[in-house]
Amino acid sequence: MSFPKVRRLLSLTAAVLLTLSACSPRAVRPPGDAATADLVVLDARVTTLDSQRPEARALAVKDGRVLAVGTTEAIRAHVGPDTRVLDAAGRRLIPGLNDSHNHVIRGGLNYALELRWDGVKRLDQALDMLREQARVTPPGEWVRVVGGWSEFQFAERRMPTLEEINAATGDTPTFVLHLYARALLNRAAVKALGWDAATANPPGGEIVRGPDGQPTGLILAKPDALILYSTLARAPKLTRAQQLLSTRHFLREYNRFGLTSVIDAGGGGQNFPDDYSVIEELADQDGLTLRIAYYLFAQQRGRELSDYQRWVGMTVPGTKKGLLTPNGYLMAGGGENLVWEAGDFENFLEERPELGHGMEAALEPVIQLLVQHRWPFRIHGTYDESIRRFLDVIEKVDRAAPLDGLRWTVDHAETASPETLKRIQALGGGVAVQSRMAMQGEYFTERYGAPAAADAPPLRTMLELGVPVGLGTDATRVDTYNPWVALAWAVSGRTVGGLEVVPPERRLTREEALRLYTVGSAWFSGEEDTKGRLSPGQLADFALLDADYFAVPEARIPDLRAVLTVVAGRVVWGAEEYAPLMAPLPALEPAWSPVNRFGGYGAEGAPTSAARHSPGR
């Protein structure tokens with residue numbers, strides 16, 4: 001047994017003995033006026049992100065909030081007879097991660113059906129996974145790989161071919177999504193869809209055809225991703241009971257990486273209120289292990305204003321649900337798609353889309369409505385050319401009805417100029433940035449050149465100007481949900497394929513990146529005063545890591561995992577010696593789910609849900 005494992009075993013033994021001692025008849029209450037904690041973590045390297053006390057060795061939790069941080073000796077004073085005491089064995093402890101732009105609600109509804117290629121190192125392994133899943137998938141069901149991967153992550157550094165996909169999957173309909181650029185369908189899927197030579201291309205998309213005019217199975221966003229949304233939507237869905245279970249497992253998968261909060265930016269095919277009912281039911285049942293603030297995304301072109309007119313009468317930003325106090329499930333506002341005319345899709349394999357002349361006329365009444373009803377809003381904006389036009393509309397609305405502190409967001413902003421960022425700042429807006437360049441940096445560089453890619457997005461400029469910034473992923477289709485991939489990209493400037501895109505002087509320090517992924521992201525749901533730091537009174541959301549984020553080589557950052565994740569003072573994820581603290585989940589259904597065979601990110605194995613009686617009680 002290695003020395004670190006021996007040390008951790010001894011530390012765990014010491015923690016158990018300490019707790020047993022605290023629970024014995026001879027136990028004494030904390031001395032003096034020290035409050036008794038519900039949970040105490042000792043011997044940790046605590047990064048608080050609190051300027052008054054940036055580092056500590058231990059922390060105490062009471063009633064879901066941080067009670068105290070300090071030395072191990074000081075925090076021991078908060079141990080009482082019912083306190084759960086955990087020994088961190090010298091590991092790094094950080095505030096819980098918060099993804100500022102994600103699609104976790106939609107992802108949860110489909111997680112049990114999806115084969116994840118995120119983090120898989122070799123294409124031949126990915127194809128073997130496809131082959132094995134096709135073998136066990138029942139007739140009438142589909143195999144689907146729904147984004148989160150890049151061809152450059154594979155050792156072979158190439159895309160799979162249609163021939164390889166057909167050979168691997170045979171008669172089982174199969175859909176493989178690559179970013180929001182294209183999808184590869186096998187012959188069985190084309191047949192199931194009823195496509196033939198007479199099938200028309202949808203607006204903004206292309207069904208690629210062979211010499212005989214028949215669909216080949218390759219479909220392209222040119223650049224509109226609607227063809228990808230709508231095709232995937234025709235595949236079979238889970239039952240409601242299965243969606244509930246799928247979502248619970250997906251939230252735990254997020255917890256595995258130290259995520260404790262997510263801002264859900266809506267998504268294509270994610271209709272309100274129907275597709276939000278599963279996550280709301282879990283909130284009402286105290287079934288959430290992740291805090292979720294959500295936005296409402298307009299679904300149908302030409303009906304966006306009527307959608308928002310209906311929604312402002314149904315719900316109010318700031319509405320909270322669930323028992324995960326105080327903010328387990330929070331209605332946050334409107335977006336990221338406010339009107340389809342403003343969609344400047346980030347398909348760097350295609351030319352930048354030029355927005356239509358009717359965009360402003362469609363966008364203005366929607367923003368007017370949201371401002372009138374004091375709804376925070378966010379808008380998808382990849383290119384500076386598009387964002388400048390959005391700002392013209394927002395400035396016009398502001399002159400007639402001042403935003404007056406209403407929070408709003410530009411999402412993505414890969415090519416935003418300093419002048420555009422100053423306009424965003426002047427209107428009180430922020431920018432939610434994702435690691436899309438980690439997946440698409442090679443494509444962006446080839447199309448626009450290395451100098452443009454070096455500042456896409458201009459994170460350093462945003463910070464220098466004082467613009468509010470939050471980090472995230474845009475998971476689950478465009479990017480992987482692994483937050484450590486995003487953090488590695490922010491500090492290394494490299495894609496998942498290893499291409500150095502951002503020069504050292506434009507990158508973030510590790511602390512800067514972590515701050516943007518915690519308290520920075522909290523700004524976008526109006527919660528920066530309550531979470532993102534570990535100081536007295538803040539929400540007790542934190543993660544204990546399996547290696548030190550501040551010490552591991554940059555190339556190792558994507559491999560970081562949490563061994564302990566705590567939300568509102570409750571253990572929601574445990575690995576290694578903390579696994580017994582994690583409550584079990586029912587087995588994932590259907591039984592043939594890819595997650596049961598391969599797990600989620602990185603094909604790191606099927607989930608373990610068994611839990612034993614906690615040694616910390």
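The values are calculated or read from the model by the stated rules, or taken from the named source; none is laboratory data. Predicted model only: the values in this text are computed from it and were never measured. FYI the Cβ positions are ideal-geometry reconstructions off the backbone, even for glycines, and counts take in every protein chain you see. Note: accessible area is taken over every heavy atom of the protein model, side chains too, but ligands, DNA and RNA are not part of it. Shrake-Rupley method; radii C 1.70, N 1.55, O 1.52, S 1.80 Å.
Each residue of the range 305-312 was assigned a 3J(HN,Hα) from its phi angle through the Karplus expression (A = 6.51, B = -1.76, C = 1.60, θ = phi - 60°), giving 5, 5, 4, 5, 4, 6, 5, 5 Hz with x at Gly and Pro. Counted by Cβ distance under 13 Å from Val519, the other residues give a net charge of -4, where Lys and Arg count +1 and Asp and Glu count -1.
Cα centroid separation, the range 291-310 to the range 63-101: 39 Å.
I need the shape label for the range 462-617. Rule: rounded when a/c is under 1.5, else prolate if a/b > b/c, else oblate, with a, b, c from the alpha carbon gyration tensor.
On the way: a/c = 1.97, a/b = 1.36, b/c = 1.45.
Oblate.
The portion of the accessible surface of the chain made up by carbon and sulfur, rounded to a whole percent, is 53 (1.4 Å probe; DNA, RNA and ligands excluded). Across the chain, the relative contact order, built from alpha-carbon pairs under 8 Å that are at least six residues apart, equals 18 percent. When both bridge partners sit in the range 139-253, DSSP labels roughly 75% of those beta bridges antiparallel. For the chain, how many pairs of lysine residues have a Cα-Cα distance under 25 Å, where the two are 8 or more positions apart or belong to different chains? Lysine pairs, 8 or more places apart or on different chains, close enough: 8.
Given the C-alpha centroids of the range 326-373 and the range 260-275, what is the distance between them in whole angstrom? Their Cα centres are 15 Å away from one another.
Annotation: per residue accessible area for the chain equals 37 Å², rounded to a whole number [probe 1.4 Å, protein chains only].
The DSSP beta bridges internal to the chain are antiparallel in roughly 50% of cases.
Going through (1) 0.97; (2) 1.00; (3) 0.95, the figure that equals Rg/Rh (Cα atoms, Kirkwood Rh) as computed for the structure here is (1).
Where does helix 123-136 land angle-wise versus the long Cα axis of the chain, in degrees 0 to 90, nearest 10? It is inclined by approximately 90 degrees.
So what is the calculated 222 nm ellipticity per residue for the chain, using -39500 (n - 2.57) for each DSSP H run with n of 4 or more, over all residues, to the nearest 500 deg cm²/dmol?
Numbers: 19 runs with 186 residues, N = 617.
It lands at -9000 deg cm²/dmol.
In the chain, the longest principal axis of the Cα atoms and the axis of helix 483-492 are about 80 degrees apart. DSSP beta bridges fully contained in the range 278-430 are about 15 percent antiparallel.
Per-residue 3J(HN,Hα) values for the range 432-440, derived from phi via the Karplus relation 6.51 cos²θ - 1.76 cosθ + 1.60 with θ = phi - 60°, read 9, 10, 10, 8, 5, 6, 5, 8, 10 Hz in sequence order (x marks Gly and Pro). Karplus-derived 3J(HN,Hα) values for the range 241-252, using 6.51 cos²θ - 1.76 cosθ + 1.60 with θ = phi - 60°, are 4, 5, 5, 4, 5, 4, 5, 4, 5, 5, 4, 5 Hz; glycine and proline are entered as x. Between Leu218 and Asp404, the C-beta separation translates, for a Förster distance of 60 Å, into a calculated FRET efficiency of about 0.75. A simple packing score, the average count of other Cβ atoms within 10 Å per residue, orders the peptides 361-370, 433-442 as 433-442, 361-370, with the highest score first.
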